[in-house]
Amino acid sequence: MATTRPDTGGMDDVAASFDKIRANIERVIEGKTDVVRLALVALLAEGHLLIEDVPGVGKTMLAKALARSIDCSVRRIQFTPDLLPSDITGVSVFNQERGDFEFKPGAIFANIVLGDEINRASPKTQSALLEAMEERQVTVDGTTYQLQEPFMVIATQNPVEMEGTYPLPEAQRDRFTARISLGYPLPAAEREMLDTHGGASPLDQLRLVVAVRRVLVSDQVKDYIISLANATRTSPELRLGASPRAALHLLRASRAWAALDGRDYVIPDDVQRLARPVLAHRLLPTAEAIVERHLPEHVVDRIVAQLPLPRR
């Protein structure tokens, strides 16, 4: 039976739009092309992004530049130890004129939510994001409210070794499509960052997302993604492997990566390139692996190197 290739939805247009967004963001974050690309992959994969690094290297600036590059509503939440869950989700307030309670939406009700220094809030407050990130809804006092579409959380966090931080729960880390790190900029780029501010370049994100959904993923590539996830679950160096959600996020991110390359199909190289940023932050090493300094990132790299590629 002859197979029909799906409608590409304008992969060339997606790649061209990506170049516009990338150029816009790199006016602010210079010399970090790979980081910007991964951020856009998370956006087009309809996922969430975790940016982890030391203070002052441009985590918040990258998130703001990405948010300003699409024509959507943006809300910022500064996470602090005294932040309450109701500050994020909203609260029911008694209206004396009407004689009943009315819902006051919290900061989560926006297309793009920037959670700054998310691990400075208590675990109870962090957990307020779980339902919103997975189901795109918020439940307050027994009533469920749908969030806007599209919806994306861009969270920044400092390393947990720093004072006043709380490690993110495993369930919350698993909801982030990818984790990236900026690192310190080169001197020339750092000087440029001091004088440059990002400008807006509104683009039709919904059109991009629809095009990404049409990117073809063959059964062989899907099986390869499942094999990668299973390899983390059976690795003797890990006490917690990749979840089914992680495999789904890897598939979506691979579609977005292919679209940004102007392709309407995913190849194994896309999966290999994204395995580390999509999977590593979800994995927990064993005590022995921690002692021997076998980081989850290194385990993922070894699995990718050893796992056979899918055959045509």
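Taking a 1.4 Å probe, which of 224, 265, 145 shows the most accessible area, and what order do the others take after it? Provide the component values of the computation, followed by the final result.
Working: 224 5, 265 85, 145 60 Å².
Ranking 224, 265, 145 by accessible area, largest first, yields 265, 145, 224.
Give me the 1.4 Å probe accessible area per residue for region 217-298, excluding ligands and nucleic acids, in Å².
Values: 3620 Å² over 82 residues.
With the other protein chains kept in place, region 217-298 gives 44 Å² per residue.
On the protein heavy atoms, probe 1.4 angstrom, tell me the percent of accessible surface of region 271-312 carried by carbon and sulfur.
Accessible surface attributable to carbon and sulfur in region 271-312 totals 55 percent.
Partners of residue 104 within straight-line reach, counting lysines whose Cα lies under 21 Å from its Cα and excluding those fewer than 8 residues away in the same chain: 124. Here region 270-312 and region 22-36 have alpha carbon centers that stand 26 Å from each other.
Taking the Cα centre of region 238-312 as reference, the dipole from Cβ charges on Lys and Arg (+1) and Asp and Glu (-1) amounts to some 220 debye. When only alpha carbons are used to place a centre, region 56-130 and region 138-155 end up 10 Å from one another.
With the Kirkwood sum run over all distinct C-alpha pairs, region 40-150 has a hydrodynamic radius of 15.2 Å. Within the assembled protein chains, the solvent-accessible surface assigned to residue 104 is about 100 Å², based on a 1.4 Å probe. What whole-number value in Å² describes the accessible area per residue of region 74-151 for a 1.4 Å probe? Computed with neighbouring chains in place, this is 51 Å² per residue.
The values are calculated or read from the model by the stated rules, or taken from the named source; none is laboratory data. These numbers come from a predicted model, not from an experiment. Cβ coordinates were reconstructed from backbone atoms using ideal geometry, including for glycine residues, and neighbour counts include every protein chain displayed. These accessible areas exclude ligands, DNA and RNA; they are computed on the full protein's heavy atoms, side chains included. Shrake-Rupley method; radii C 1.70, N 1.55, O 1.52, S 1.80 Å.
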